[in-house]
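What follows is a short report on a single structure.
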Amino acid sequence: MSSHTRSACAIDVRGLSRRFGEREVLRGVCVQVGHGEIHALLGPNGAGKTTLLRILSGLTEPAAGTVDVTSRPGLVPSGDRTFYLRISSLENLVFFARMHGLRRAHARRRAAELLELVGLADAARRPVGRLSHGMQKRLSFARALLAEPSVLLVDEATHDLDPEGAERVRELASQLAARGAAILWATQRVDEIRGFADAVTFLHRGEVRFAGSVPELIARGATTPRYVVGVRNGRPDAPPAAAALQRALGARAGVRATGDVGHYLLAPREGAPLGRAIAALAAAGYDVVSCRQERSEVEEAFRALTADHAGEATR
């Protein structure tokens, strides 16, 4: 659980539970998000992330627990069917800005500004129904920012985005947090929280399995790192086979084939630097043409926190 005091929290959830029929999809959930904080809500499909965000945004009622949100939140939903598909992106944003109470001239200025920020200025006059899923996701992000919210709820914002688009919306979220907004960022993409989120709550089957900092989460997945190396012959008498590679490595690392031609899983022995293993392969006549870590520490933590649970998933 975050260490924020109750008065410092923009989002304060305590003991939250919710059922759908016989299924308890949230069970005693506690989450606190401070002003200026990006808080990742991490977990696999069916963890209960979307249900939690719907409760925080007022779209769903909790069965038990308390929910305190200091202001009306902006919401970026995971799947959005609430745009008017036959009118343009600009007209949609102006409509929703007017619903927030903005005067027409201000609404048009704000809509145009946000379309520029999310990279949709060139599509401002295009009907929303002709936008790609990724473009509609960016439009959802723009709509959530219309009233300059001090609390932002984001559900799988980068799911349909290319890397450039994903980086753009993360940067917008960071800028909003720098101005004091509290952001709860739900995702199952473990690769995007490192260097982005200040804290993380991990949900699995409706329960909080971890709450703390990203480095603390990484520590949960701390294992001996393994690397996938791409190898090719450096000379004719050095065939790239696992047994030959193991002889070249000696006690520095273990190695086995991955199933992809020319690629092997290399696990340095405890205390053995990766560089020495690579140097040993080069000395034995192999060219190492690629090397990447098999899984990040965050991925390992994700696996560790979900490995010991079985049963029916929540939504």
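Peptides 31-37, 111-117, 16-22 ordered by packing proxy, namely the average of other Cβ atoms within 10 Å per residue, highest first: 31-37, 111-117, 16-22.
With a Förster radius of 51 Å applied to the beta-carbon distance between GLU148 and THR258, the computed FRET efficiency rounds to 0.55.
Cβ-Cβ distance of GLU216 and ARG126, R₀ of 35 Å, FRET efficiency by 1/(1 + (r/R0)^6): the value works out to about 0.20.
Centre-to-centre, using Cα atoms only, region 17-92 and region 115-135 are separated by 24 Å.
Taking a point 7 Å out from the Cα of ALA63 in the direction of its Cβ, the residues of region 173-217 whose backbone N falls within less than 19 Å of it are 203-209.
Count the net charge of all other residues whose Cβ sits under 11 Å from the Cβ of PHE196, scoring Lys and Arg as +1 and Asp and Glu as -1. Residues near PHE196 contribute -2 overall. As a length-normalised measure over Cα pairs under 8 Å and 6 or more apart, the relative contact order of the chain settles at 21 percent. Length gained on full extension, GLU171 to ARG269: 31.4 nm, using 0.36 nm per residue less the C-alpha separation. Taking the number of Cβ atoms within 10 Å of each Cβ as an exposure proxy, the fewest-first ranking of ILE11, ILE218, ILE278 is ILE218, ILE278, ILE11. With contributions of -39500 (n - 2.57) from each DSSP H run of at least four residues, the per-residue ellipticity at 222 nm computed over the chain stands at -9000 deg cm²/dmol. Can you list the residues of region 86-104 with backbone N under 20 Å from a point 7 Å past the Cα of HIS133, pointing along Cα to Cβ? Taking a point 7 Å out along Cα→Cβ of HIS133, the residues of region 86-104 whose backbone N falls under 20 Å are 86. Stretched out straight at 0.36 nm per residue, the stretch from SER71 to ASP191 would grow longer than its current Cα-Cα span by 40.2 nm. Taking other C-beta atoms within 10 Å as the exposure proxy, ARG126, ARG138, ARG209, ARG81 rank ARG81, ARG126, ARG209, ARG138 from fewest upward. At full extension, ALA307 and ARG104 could sit 67.8 nm farther apart than now, given 0.36 nm per residue minus the alpha carbon distance.
Bear in mind that the values in this text are calculations on the coordinates, not laboratory data. What you see is a predicted model, and the numbers here were worked out from it, not measured in a lab. Because the Cβ atoms are built from the backbone with ideal geometry, glycine has one as well, and the counts that use them run over all protein chains shown.
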